[in-house]
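Inspection log for the structure reproduced underneath, given as structure tokens.
The values are calculated or read from the model by the stated rules, or taken from the named source; none is laboratory data. Since the model is a prediction, treat every value here as computed from it, not as a measurement. When we count neighbours, we look across all protein chains shown, and the Cβ atoms used for this are built from the backbone with ideal geometry, even at glycine.
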Amino acid sequence: MELALEILPQVLLEGLVLGFMYALIALGYTMVYGVLEFINFAHSEIFVLGAFVGVEVLFWLQDTGQLAVLHPVFVLSLVIAAGMLISGLAAMALERVAYRPLQGSPRLVALISAIGASFFLQDALRLFESLWRNTFYLNYPTLDVLDQVLPVATTLVVPVKSLMVIAISLLSMAGLFYFVNRTRIGTAIRAVAQDPETASLMGIPVNRVIALTFFVGGAMGGLAGVLFGLHYSLVNPYSGFVPGLKAFTAAVLGGIGNIPGAMLGGMVLGLLEAFAASYLSILTDGAFGAEYKDVFAFLVLITILIFRPRGLLGETVREGRA
Amino acid sequence: MSSSLPSLGLFAYIAASSVLAFIFPQSVLAFLLVEASLLLLCYVPAPLKIKIYLAALVLLILIPFLGTFNGYYLEVAIQIGIYVALALGLNIVVGFVGLLNLGFVAFYAIGAYLWAIFGSPQANEFIRGGFFPLSANWFFLFLIFSIVVGALTGTLLGLPVLRLRGDYLAIVTLGFAEVVRALVNNLDKPINITNGPKGISPIVKPPLFFKPWLQFLGLEIADSTLYPLYFYFLILVMALLIILITRRLEDSRVGRAWKAIREDELAASAMGVPVVRMKLFAFAVGASFASAVGVLFAAKQVFINPESFTFMESIGVLAMVILGGMGSIPGAILGATGVTILNLQLLKGLSLWLNGLRQSGAELTLPLLGSYSLSQLPAQFEPAKYERMVFGLILILMMIFRPQGILPPRRNR
């Protein structure tokens, strides 16, 4: 077990990075579920869209020669802002086109439409990139600063990339927390989540609040997409499916509809997955390896749903249309 | 004798379209016309007896006959049969009971791997003695066995998850399918059961038990032409059986209980419908259909790997059920046929046509936009590769504009 303990700090770091990424995506699922009580299945594509916007902006900076000149912090802010904005707008458009016409119909109808939207967006992205660049497997241009590593100890090497993911995630989550809990618009979002009918009687424009929720959730997904691209450098139109499913697991794990729950669920799932990836093969003497980490996440989901469907921080789910 | 006019018209249409397909054996359009005759049969007001005779004529004689000239026709027909059977299975779960099962492909994979493992040398990896591959005669036994295994796994999955609410159920079944796929993908170690991503081959084909009879009749047909015909008739029989079973189930007490659960679960349980047992039964029936079709699929393909059992397959079958109309047997058949033809014939045809244009390098002159050389069309742009977009559009558009589907089920009042 000597070796097992030695890699622990590195595994923890890996798990934290994954966890923050899942948490950011999970926020989109959970916020939409909060106001509409429905699983926005296409959120994983909103996430991937963010990654693609990020890579396109970086390519554009590279082609115009700006990438080497501009300050990296400025470059990062620009890429992130673009990713968040476009993803947020796309999520709003999605709500307008594929979900709002279905308000009041059974929940499964909206879910099926969302699955359709997810599939449609995957191939729409592929089509666009195929026509534009003749390939849809894109590689993020490298930023020198991000490729550095900080050797903290013999057992822990901290890449600047990981620090960036953690710092930006923390910052944006704090911002979201403030927005939802301390501003008037945030209060409106919470009111709609609690009871849309009463909220509308109180003069809250429910449809606009729903659209705004989609924007905010989508922007968080877009941010996660940009960070995903910067960290793992490879994106393709289909790379959202598995992270999306895991982020949904994280949202359910934390208690769907619950914003701190999504953050907690993401962390727990990310850490669990990192542990499974590193220790499964050590514990089973190489019989089962890291390839089972996806299975592991789904087993967590199934177990949670069966034994504690409200999640770790679950709120009482409103009795709705079944 | 005015009532015989539609029948005559139908007959004339079938004759004309099959002559066309016979003259142009490579034409997608001609074969589509033949296929359309079956759809026409449903709508033309003619006596039922005549319709059945005409359908039998098309299914039993015309399509196999045309298929011997262009093997691709037969391949398309077999694929349609497979998807009709799958769609009917999913239709029970989604359409009759209203449970959204996004992991339907898992049961299909289980059936396929069941025969693939034992009907190939693969099983020697973990059972000593060199018994494998099993001889072709075991095929039909495994077909029955797969029904049992499918029903069992369906029940096993159903037991814990059926208490979940609709959308959670959907995600858990999706997770289940991904777990099955990951297992199939990775169980090449520590014991090699599924051979992992490399897949399994060669898989034994079903037995040609009727060959002596053919020889008795003086027919000498090479195995390579016989097998596609054989698979065609096998899947035809299987699909017809499934249609028959589903119809009988739909009109039975069980079917009424299913629909009662779909309309209002609480009310159904108050009326004494054993909700959980009925849901489990639906899961088991759907799963056993899929699993049996899987066995046939494995035998037909000779080679299978995990790539054939992705989430996209589940969504494809779901799109078929939804396009046709949830809970409607004719709808499921129409949806499966339509989507398969769209994928295999129309989109592929379009791809080939675009490729032809690209190679011809013709100039396209548009007013105002100037001219554009078609050879510059990006090679990535191939409609046949955009199945997901098609499925996605079907799902969204149907949900928004016609959630009940093209052929909605008739409600008994």
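Hey, could you check the range B:383-413 for residues that are of a type outside the set (S, T, N, Q), part of a loop (DSSP other than H, G, I, E, B) and more than 22 Å from the chain's Cα centre (by Cα) and say which is farthest from residue A:114 (Cα to Cα)? So that I can check it myself, show each step before the final result.
So the first thing to find is which residues in the range B:383-413 are of a type outside the set (S, T, N, Q), and the list is B:383-403, B:405-411, B:413.
Adding the requirement that they be part of a loop (DSSP other than H, G, I, E, B) leaves B:386, B:402-403, B:405-411, B:413.
Among the residues that remain, those that are also more than 22 Å from the chain's Cα centre (by Cα) are: B:402, B:410-411, B:413.
Working: B:402: 16, B:410: 27, B:411: 28, B:413: 33 Å.
Among them, the one singled out is B:413.
When A:230, A:234, A:253 are screened for being among the aliphatic types (A, V, I, L, M) and either in contact with a Cys (Cβ under 7 Å, 6 or more places away or on another chain) or over 30 Å from residue A:58 (Cβ atoms) (or both), only A:253 passes. Scanning the range A:258-292 for residues that are more than 13 Å from chain B (Cβ to nearest Cβ), part of a helix (DSSP H, G or I) and more than 15 Å from residue A:16 (Cβ to Cβ) yields A:259, A:260, A:261, A:262, A:279, A:282, A:283.
The set of residues from the range A:212-240 being assigned to a helix (DSSP H, G or I) and in contact with a Lys or Arg (Cβ under 7 Å, 6 or more places away or on another chain) comprises A:230, A:231.
Filtered by the rule that a residue be in a helix (DSSP H, G or I) and surrounded by fewer than 19 Cβ atoms within 10 Å (Cβ to Cβ), the range A:293-311 gives A:299, A:303, A:306, A:307.
Restricting B:196, B:175, B:119, B:129 to those that are within 14 Å of chain A (Cβ to nearest Cβ) and either over 30 Å from residue A:307 (Cβ atoms) or over 23 Å from the mean Cα position of the chain (by Cα) (or both) reduces the list to B:196. Surrounded by fewer than 20 Cβ atoms within 10 Å (Cβ to Cβ), within 14 Å of another protein chain (Cβ to nearest Cβ) and touching a residue at least 40 places away in the same chain (Cβ under 8 Å): is that true of residue B:159 in this structure? Judged against the criteria, residue B:159 is a match. So which of A:279, A:238 ends up being modelled with pLDDT under 85, farther than 25 Å from residue A:103 by Cβ and surrounded by fewer than 24 Cβ atoms within 10 Å (Cβ to Cβ)? Being modelled with pLDDT under 85, farther than 25 Å from residue A:103 by Cβ and surrounded by fewer than 24 Cβ atoms within 10 Å (Cβ to Cβ) holds for just one of A:279, A:238, which is A:279. Do you know which residues across the range B:24-46 are in a helix (DSSP H, G or I), loosely packed, with under 15 Cβ neighbours inside 10 Å and among the aromatic types (Phe, Trp, Tyr)? Result: B:43, single match. When restricted to residues that are without any contact (Cβ under 8 Å) to a residue 24 or more places away in the chain and within 25 Å of residue B:174 (Cβ to Cβ), the range A:197-252 contains 1.
From the list B:172, B:179, exactly one residue is within 24 Å of residue B:126 (Cβ to Cβ) and either without any contact (Cβ under 8 Å) to a residue 12 or more places away in the chain or surrounded by 19 or more Cβ atoms within 10 Å (Cβ to Cβ) (or both). Which is it? Before you say what the answer is, go through the steps one by one.
Working: B:172 fails: within 24 Å of residue B:126 (Cβ to Cβ).
Within the list B:172, B:179, the selection yields B:179.
Within the range A:244-257, can one find any residue that is more than 14 Å from chain B (Cβ to nearest Cβ) and either within 11 Å of the chain's Cα centre (by Cα) or within 27 Å of residue A:77 (Cα to Cα) (or both)?
Initially, the range A:244-257 is screened for residues more than 14 Å from chain B (Cβ to nearest Cβ), giving A:254.
From what's left, either within 11 Å of the chain's Cα centre (by Cα) or within 27 Å of residue A:77 (Cα to Cα) (or both): none.
There is no residue in the range A:244-257 that is more than 14 Å from chain B (Cβ to nearest Cβ) and either within 11 Å of the chain's Cα centre (by Cα) or within 27 Å of residue A:77 (Cα to Cα) (or both).
Checking each residue in the range A:72-97 for being β-branched (Val, Ile, Thr) and more than 14 Å from every other protein chain (Cβ to nearest Cβ) picks out A:73, A:75, A:79, A:80, A:86.
For residue A:114, the requirement of being on the phi < 0 side of the Ramachandran plot, at the interface with chain B (Cβ under 7 Å from one of its Cβ atoms) and buried (at least 18 other Cβ atoms within 10 Å of the Cβ) is not met.
For (1) farther than 25 Å from residue A:264 by Cα; (2) modelled with pLDDT of 90 or more, each residue gets a yes or a no:
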{"site": "A:108", "(1), (2)": "yes, no"}
{"site": "A:114", "(1), (2)": "yes, yes"}
{"site": "A:117", "(1), (2)": "yes, yes"}
{"site": "A:131", "(1), (2)": "yes, no"}
{"site": "A:166", "(1), (2)": "no, yes"}
{"site": "A:189", "(1), (2)": "no, yes"}
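Checked against the criterion of being out of contact with any strand residue (DSSP E or B) (no Cβ under 8 Å at 6 or more places or on another chain) and either within 18 Å of residue A:244 (Cβ to Cβ) or within 9 Å of chain B (Cβ to nearest Cβ) (or both), the candidates A:143, A:127, A:156 yield just one match: A:127.
Scan the range B:332-355 for residues that are within 16 Å of the chain's Cα centre (by Cα) and more than 15 Å from residue B:239 (Cβ to Cβ) and report the count. Quick ask: steps written out before the conclusion?
As a first pass, look at the range B:332-355 and keep what is within 16 Å of the chain's Cα centre (by Cα): B:332-345.
Checking the rest, the ones that are also more than 15 Å from residue B:239 (Cβ to Cβ) come to B:338-339, B:341-345.
Qualifying residue count for the region: 7.
Which residues, counting only those in the range B:17-37, are in contact (Cβ under 8 Å) with a residue 12 or more places away in the chain, among the aliphatic types (A, V, I, L, M) and out of contact with any Ser or Thr (no Cβ under 8 Å at 6 or more places or on another chain)? B:28, B:32, listed by residue number. Residues in the range A:37-66 that are within 14 Å of chain B (Cβ to nearest Cβ) and of a type in the set (Val, Ile, Thr): A:39, A:48.
Of the helices (runs of 4 or more DSSP H) lying entirely inside the range A:80-194, those containing at least 1 residues that are within 30 Å of residue B:264 (Cα to Cα) and touching a helix residue (DSSP H, G or I) at 6+ places or on another chain (Cβ under 6 Å) span A:107-133, A:184-194. Look at residue A:53 and say whether it is closer than 12 Å to residue A:214 by Cα and under 21 Å from the mean Cα position of the chain (by Cα). No.
Report yes if residue A:100 is among the basic types (Lys, Arg), surrounded by 19 or more Cβ atoms within 10 Å (Cβ to Cβ) and within 14 Å of chain B (Cβ to nearest Cβ), otherwise no. It is false that residue A:100 is among the basic types (Lys, Arg), surrounded by 19 or more Cβ atoms within 10 Å (Cβ to Cβ) and within 14 Å of chain B (Cβ to nearest Cβ). Suppose the filter is outside any loop (DSSP other than H, G, I, E, B), away from every other protein chain (no Cβ under 14 Å), within 26 Å of residue A:256 (Cβ to Cβ) and in contact with a strand residue (DSSP E or B) (Cβ under 7 Å, 6 or more places away or on another chain); does residue A:23 pass it? No, not satisfied. Of everything in the range B:69-84 that is out of contact with any Leu (no Cβ under 7 Å at 6 or more places or on another chain) and at pLDDT below 85, the residue that is surrounded by the fewest Cβ atoms within 10 Å (Cβ to Cβ) is B:69.
Within the group B:136, B:116, which residue is crowded, with 17+ Cβ neighbours inside 10 Å and closer than 22 Å to residue B:228 by Cα? Give the steps one after another, and end with the answer.
Details: B:136 fails: crowded, with 17+ Cβ neighbours inside 10 Å.
The match here is B:116.
Sub-8 Å Cβ pairs linking a first residue in the range B:60-71 that is within 15 Å of residue B:235 (Cα to Cα) to a second residue that is surrounded by 14 or more Cβ atoms within 10 Å (Cβ to Cβ) and of a type in the set (Val, Ile, Thr), at least 6 apart or interchain, are B:63/B:34, ordered by first then second residue.
When the range B:31-56 is examined, which residues are found to be among the hydrophobic types (A, V, I, L, M, F, W, C) and under 22 Å from the mean Cα position of the chain (by Cα)? Let's see the steps before the verdict.
Residues of the range B:31-56 among the hydrophobic types (A, V, I, L, M, F, W, C): B:31-34, B:36, B:38-42, B:44, B:46, B:48, B:50, B:52, B:54-56.
B:31, B:32, B:33, B:34, B:36, B:38, B:39, B:40, B:41, B:42, B:55, B:56 - these are the residues of the range B:31-56 that are among the hydrophobic types (A, V, I, L, M, F, W, C) and under 22 Å from the mean Cα position of the chain (by Cα).
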